[in-house]
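The values are calculated or read from the model by the stated rules, or taken from the named source; none is laboratory data. What you see is a predicted model; the values in this text were computed from it and never measured. Cβ coordinates were reconstructed from backbone atoms using ideal geometry, including for glycine residues, and neighbour counts include every protein chain displayed.
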Amino acid sequence: MGDYNSMNNFEKVFEKLARTDDASTLWINWLDWVIDQNLITNHDRQLNFKGNEETYFELYCEWIKIVNEELENTEKYYYDYLGVFYEDVIQSKYKAGTNGQFFTPQNVSKLMAKLLTQNTGGVINDCACGSGRLLLDAHQDNPTAVLIGQDLDPVACKMAVLNFYVSGVRGSILHQNTLTGEFYRAWRVNNYLYHGLPIPHIELVNQREAYNFIGVNSNVKPVELREPVKETVQSKLM
């Protein structure tokens, strides 16, 4: 972030909270709060937001405004502001959560999507999805496709979930190690959006349910069905 006067409102609200809370923990808590507010089942009652709900709601509204303004004023199909903020602020200013991560630039992911997913329909899978940019670009050319993404980083998974949510696409994100098959949790997004629930929504689901969608015959199979691995403090902060 630059000087205070050059910040947008989202950055200003976050900066104010970060004066008293660890920035990376604050970011995770806010992502958890937004997801929890939009769950239609299985709310995570173990979450503790430390009385910050009102400020989290303010952040939520500013995020929606930023995405909406970007889509109205550009030709973009989606806007991954969460990924941009995570790279520019959480990883840069606060030096947190890097893990050697590099988010794919949107022009690169757009090219990859056009080369690989022209009119494939059905299901599109990305086994290292990050914040979901490649999947969202693939969806532009395949608007009826269901998107499946996996990632080992739970923070990236939560950003991808919210990118699906705000972009109005159907898909699932799995917090999973696709090399070993270890599975932690999964979110299914907007499954009922065109089937009786015309508002964006999120579900906490098991690994098998993450691959099941109304009106879609999926040929994508789970890497390996396993019992969920209990998340540790370290895995949550990866």
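Residue by residue, here is whether (1) modelled with pLDDT under 85; (2) in a helix (DSSP H, G or I); (3) in contact with a helix residue (DSSP H, G or I) (Cβ under 6 Å, 6 or more places away or on another chain) holds:
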{"site": "Asp32", "(1), (2), (3)": "no, yes, no"}
{"site": "Arg45", "(1), (2), (3)": "yes, no, no"}
{"site": "Tyr56", "(1), (2), (3)": "no, yes, yes"}
{"site": "Leu59", "(1), (2), (3)": "no, yes, yes"}
{"site": "Ile66", "(1), (2), (3)": "no, yes, yes"}
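I'd like the full set of residues that are in contact with a Gly (Cβ under 7 Å, 6 or more places away or on another chain), farther than 16 Å from Ala210 by Cβ and of a type outside the set (D, E, K, R), limited to region 131-155. Hits for region 131-155 are Ser131, Asn142, Thr144, Val155. Candidates are the residues of region 109-141 that are modelled with pLDDT under 85 and among the hydroxyl-bearing types (Ser, Thr, Tyr); the one that is nearest to Asp80 (Cα to Cα) is Ser109.
One line per residue, one yes/no per condition, for (1) small (Gly, Ala, Ser); (2) under 24 Å from Ala186 (Cα atoms); (3) over 13 Å from the mean Cα position of the chain (by Cα):
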site	(1), (2), (3)
Ala23	yes, no, yes
Leu26	no, yes, yes
Lys50	no, no, yes
Ile64	no, yes, yes
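Can you say whether Leu26 is surrounded by 15 or more Cβ atoms within 10 Å (Cβ to Cβ), hydrophobic (A, V, I, L, M, F, W, C), farther than 24 Å from His139 by Cβ and at pLDDT below 95, as far as the supplied structure shows? Criteria met by Leu26. Leu134 meets all of the listed conditions (1) in a helix (DSSP H, G or I); (2) closer than 23 Å to Gln37 by Cα but one, namely (2).
Which is more than 21 Å from Asn38 (Cβ to Cβ) and not assigned by TED's automatic domain parsing to the domain that holds Val84, of Ala160, Ala128, Ala156?
On the way: Ala160 fails: more than 21 Å from Asn38 (Cβ to Cβ); Ala156 fails: more than 21 Å from Asn38 (Cβ to Cβ).
Going through Ala160, Ala128, Ala156 in turn, the sole match is Ala128.
Is it the case that some residue within region 177-185 is free of Cβ contacts under 8 Å to residues at least 60 places away in the same chain and closer than 15 Å to Val146 by Cβ? No, there is no match, as no residue in region 177-185 is free of Cβ contacts under 8 Å to residues at least 60 places away in the same chain and closer than 15 Å to Val146 by Cβ.
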